[in-house]
Amino acid sequence: LAQSLFALFASSLAISLVFAIIPLCHNVVVLAVVMAVAGLAMGCIDTISNMQLVKIYQKDSAIFLQALHFFVGFGALLSPLIADPFLSDTNCILSNSTANASSNLPHIRKSLVPHHPGNLSHYDLPMKGMVVTRVSYAFWIMALINLPVPIAVFFLLYKERMVPCFNSSSHPLLSADELAMETRPTEKDDLSTAVQRPHAAGGHDDLFSCCQSKNFRGASYTYFAVHITGALVLFMTDGIVGEYSGFIYSYAVEEPLSVVHKVAGYLPSLFWGFITLGRLISIPVSYRMKPATMVFINVVGVLITFLLLLIFSYSVVVLFVGTASLGLFLSSTFPSMLAYTEDILQYKGCATTVLVTGAGIGEMVLQLLVGSIIHDQGSYSFLVCGMIFGGLAFTFYAFLLFFHRMYPKPSSDMDDASPDKPAAMDDTGQYQR
């Protein structure tokens, strides 16, 4: 837990520093390095936060994962609104021809349809002169908004006596936590729990223990199959999120729909808005519904939505309704899939790393793939690709259900399910030190 909290502190602090530095980068190589650091930091936060929620809350983790990913969607929806007031509607470079060039900007924006730019040679924009822009303020505001996060993580480290300089000056938080009170073993069981803990929770003490080969010895093929199929489902669904939000504008403004540019610009916001709404709705729903059922509804809903979008490809109304529907169905796929897979694998935390990595790779690769296909085959291929990815997600999920049935259950399952037997303390007890 200490390793995870220090990694979260360093990563969240790095993001604030990166956002503060971005406006000061006057070289594209320096900017690329800074953005790479931001990507690494965000990847660490994504993996560690999901993994620790799964480890700490275990069977209750589905609710907390839904809450976590609601705030992910909320941030994605909020940050463009913060940046928008600082985006210039006039040319940012002052020169003798600035007045005439600024009037050309609306025409240039309308001509710059992604992948199919019009002839812009007759428009004049100065490239040299004094740069005047307010967009730097947007980055600095985001850096300040993020700054309380590393401060809060450091405060948690301090209260838990994990900071080397302040080991004895504070009282731990977790001992008074409601979860700790419910799961704390009795005095009679303290000794036996302490003896059993190194064996029962061997994978929890080291952040990188999942990578050790000794953990794979004697594992059945279904153990690896569950990891792979779970990662492939998220590879497809998170890839759909990336490619749909990235190219829905391009699809809408081209034939046969030819939506007005300003109206088409609302589609990505609508998509992310319904992803955020869906994750908010999923928090109470996940309390009543099993993660496996939620994932099934999600992948089937995605498939049906793309089918309707293909059938009614000439309808702008169906496009807007389908975008909202797709956002709702994709919203809870990631946290539900994470909770379901970790439930199969007894909450060791290793599956979280594999699934988060698979989702990130899918979001990167499918955007590149769909972008090149749209460029070569036209806008209609955008929906065809979505339909194919949705079908593959459903197929991989069917394989996951199959491997779940074949996965060997631990012999203690019957004892753990008994109402007379208290919940196991080995995995959660170590977090209440």
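The values are calculated or read from the model by the stated rules, or taken from the named source; none is laboratory data. Bear in mind the structure is a predicted one, so any value in this text is a computation, not a measurement. Neighbour counts run over all protein chains shown; Cβ positions are idealised from the backbone, glycine included. The area values use the complete protein model at the heavy-atom level, side chains included, leaving out ligands, DNA and RNA. Shrake-Rupley method; radii C 1.70, N 1.55, O 1.52, S 1.80 Å.
Within the span defined as the stretch 57-73, one or more residues are open to solvent by less than 30 Å² (accessible area, probe 1.4 Å), polar (S, T, N, Q) and within 15 Å of the chain's Cα centre (by Cα). For residues that are open to solvent by 10 Å² or more (accessible area, probe 1.4 Å) and touching a residue at least 40 places away in the same chain (Cβ under 8 Å), scanning just the stretch 239-250, find the one that is nearest to the chain's Cα centre (by Cα). Only one residue tops the list, namely V241.
Going by the conditions given, is Y347 in a loop (DSSP other than H, G, I, E, B), open to solvent by less than 40 Å² (accessible area, probe 1.4 Å), in contact with a helix residue (DSSP H, G or I) (Cβ under 9 Å, 6 or more places away or on another chain) and closer than 20 Å to L68 by Cα? So Y347 fits the description; yes.
Considering (1) at pLDDT 90 or above; (2) under 30 Å from L345 (Cα atoms), the lone condition that I311 does not fulfil carries the number (2).
Per-residue answers, yes or no, for (1) open to solvent by 70 Å² or more (accessible area, probe 1.4 Å); (2) in contact with a Gly (Cβ under 6 Å, 6 or more places away or on another chain); (3) at pLDDT 85 or above; (4) aliphatic (A, V, I, L, M):
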| position | (1), (2), (3), (4) |
| --- | --- |
| L368 | yes, no, yes, yes |
| S372 | no, no, yes, no |
| G378 | no, no, no, no |
| L383 | no, no, yes, yes |
| I388 | yes, no, yes, yes |
| F394 | yes, no, yes, no |
| Y397 | no, no, yes, no |
| K409 | yes, no, no, no |
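If the condition is being under 16 Å from the mean Cα position of the chain (by Cα) and either open to solvent by 70 Å² or more (accessible area, probe 1.4 Å) or farther than 19 Å from A359 by Cβ (or both), then the stretch 16-49 contributes L40, M42.
Table: residues versus (1) surrounded by 14 or more Cβ atoms within 10 Å (Cβ to Cβ); (2) at pLDDT 55 or above; (3) not in a helix (DSSP H, G or I).
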| residue | (1), (2), (3) |
| --- | --- |
| A143 | yes, yes, no |
| L156 | yes, yes, no |
| L179 | yes, no, no |
| K188 | no, no, no |
